[in-house]
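Below: the structure, in structure tokens.
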Amino acid sequence: MSSPIPGSTLSQQLLLSVAEQLKLPLIQIARQAELAAVGMTADLTQICTLAENGLKLIDGYSLGLQLANLSNYELAPEAVSVASVLYEADEQLKALARLYNVELELNISGRYEPVLAHRQGLQAAIVGLASALIEALPAQASVTSQTMLQLATHRCRYGIVAGVYANLPSLSSEALRSGRRLYGRSRQPLVEISHTGGAGIFVADAIFKAMKLKLHVSRHHRLYGLGVVLQPSSQLALV
Amino acid sequence: MSHQTKRILLLEPDSVLAGSLTAGLINAGYDVQHVYSAQAAVSSADRLKPDLVFCELQLTAHSGIEFLYEFRSYSDWSVIPVVIYSSVPPVEFNASRNGLTYDLKISGYLYKPDTTLAEVIDWANKLT
């Protein structure tokens, strides 16, 4: 029998947050499908994208549970190219970004060495973060230009950062701290950032925690974002 | 008999959901102005002079309640019907229902997961 799931990592609050968040794609699908009932054409591509977005959130939550339940040995990180993870995430997010009219940019031009990480976990967390911001960005009153979200990697003094960035000045360390205290208890734990519960952000936070990493507020090229600092793989650096 | 298109102000932070609602209401014969935020709703109300407002309470930064207090503070807008169309569930909404109904003159409350597009259109037909 598997050992109990660490309550501090994937708590009942997170499950509540995910359950609440899943109402959104289900309502969106229901209303879109209903257009056919009032004599209009329902957009099946849109319905498909919304369903997949909901499924990704469930998958991210499940993966977080699994990772939190693994021993350090089982969680053994591998050498991972951040650029390839961000590229894959970008591919997964394109349809959702298009639906929300958010321009998705991939900034992986820097040549960085591989990092030590659990590849699937890192990718699921990035997708969760980006999905939450894509849903939130169009409603940002302060955003006047074309809404853009950047998936980027860059070097910082502590390692290599993988993150998602936007023109979102309200995304501060204090907002994230407050959100961590409130999620699962408040309907809008990140009230200055999102009208939703922002569950994707907290699922990513839990996945990173299970991977012994920490989600931070991060700045990159005058953009505000959420990212994680990863350690370069010293094994491959010798090659 | 001349028929003037009724104008609806839709305050909805989710662009995808707003798209479906807007399409359905336009198809039902309404002129719909969609806005994402409380600030934009005040500006749009001034320009649009709506016959009806659908309002979500859960918005980014300023809430729908803040918008409604601002909206009702202008005499021109004091009698325009407002329907709350929200993700806030009935048990939470009912806790402050009396205050909202009387102070802010709310005409109706619709819980998003329980409300079909046809019901939204019915409310629009009833109140305009």
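At the residue level, A:Lys209 shows approximately 110 square angstrom of accessible surface with a 1.4 angstrom probe and all protein chains present.
Here each label is just a point 7 Å from Cα along the line to Cβ, and for A:Arg177 and A:Gln146 those points are 3.7 nm apart.
Where does the stretch A:9-236 land on Rg(C-alpha)/(2.2 N^0.38 Å)?
Working: Rg = 17.3 Å, N = 228, 2.2 N^0.38 = 17.3 Å.
Relative to the rule-of-thumb radius for its length, the stretch A:9-236 sits at 1.00.
With the simple model of a label 7 Å out from the Cα in the direction of the Cβ, A:Ser234 to A:Ala37 spans 6.2 nm. The share of accessible area on the stretch A:9-236 that comes from carbon and sulfur is 53 percent, using a 1.4 angstrom probe. Accessible area per residue for chain B is 44 Å², calculated with a 1.4 Å probe on protein heavy atoms, without ligands, DNA or RNA.
Would you mind getting me the FRET efficiency between A:Ser170 and A:Glu113? Use the beta-carbon distance for r and R0 = 35 Å, nearest 0.05. Each step should come with its number before you reach the end.
On the way: r = 34 Å, r/R0 = 0.96.
For R0 = 35 Å, the calculated efficiency reads 0.55.
The listed residues B:Asp14, A:Asp59 rank as A:Asp59, B:Asp14 when sorted by accessible area, largest first, using a 1.4 Å probe.
Threshold 10 Å², probe 1.4 Å: give the residues of the stretch B:35-52, in number order, that are less accessible with all protein chains present than with their chain alone. Output list: B:Tyr36, B:Ser37, B:Gln39.
Mind listing which chymotrypsin sites (Phe, Trp or Tyr not before Pro) in the stretch A:133-191 are in a DSSP loop and have 15 or fewer other Cβ atoms within 10 Å? Provide the component values of the computation, followed by the final result.
Numbers: sites: A:Tyr158, A:Tyr165, A:Tyr183; in loops: A:Tyr158.
Here the sparse-neighbourhood loop sites are A:Tyr158.
Given axes a ≥ b ≥ c from the Cα gyration tensor, I'd like to know whether chain B is rounded (a/c under 1.5), prolate (a/b larger than b/c) or oblate. Mind showing how you got there, number by number?
On the way: a/c = 1.39, a/b = 1.18, b/c = 1.18.
It is rounded, given that a/c, with a ≥ b ≥ c, falls under 1.5.
Among the chymotrypsin sites (Phe, Trp or Tyr not before Pro) in the stretch B:1-100, those placed in a DSSP loop whose Cβ has at most 15 other Cβ atoms within 10 Å are B:Tyr74.
Could you tell me whether the stretch A:1-140 comes out rounded, prolate or oblate from its Cα gyration tensor? Rule is a ≥ b ≥ c as square roots of the eigenvalues, rounded for a/c under 1.5, then prolate if a/b exceeds b/c, otherwise oblate. If you can, show how the numbers build up before the last one.
Numbers: a/c = 2.71, a/b = 1.40, b/c = 1.93.
Here the stretch A:1-140 falls in the oblate category.
Accessible area per residue for the stretch A:112-239, computed on protein heavy atoms with a 1.4 Å probe, is 41 Å². If R0 is 35 Å, the Cβ-Cβ spacing of B:Ala95 and B:Thr128 corresponds to a FRET efficiency of close to 0.75.
May I ask you to list, by number, the DSSP H helices of chain A whose Cα span along the axis is at least 24 Å and whose average Kyte-Doolittle hydropathy reaches -0.5 or more? Membrane-span-like by this rule: A:12-37, A:44-68, A:82-99, A:119-136.
Can you put A:Met211, A:Met40 in order of accessible area, largest first, using a 1.4 Å probe? Can you show the working numbers first?
On the way: A:Met211 20, A:Met40 55 Å².
Descending order: A:Met40, A:Met211.
The values are calculated or read from the model by the stated rules, or taken from the named source; none is laboratory data. Owing to the predicted nature of the structure, the values given are computational and were not obtained by experimental measurement. Neighbour counts are summed over all protein chains in view; Cβ atoms, including those assigned to glycine, are modelled from backbone coordinates with ideal geometry. Just the protein is used for accessible areas: all its heavy atoms, side chains included, with ligands, DNA and RNA removed. Shrake-Rupley method; radii C 1.70, N 1.55, O 1.52, S 1.80 Å.
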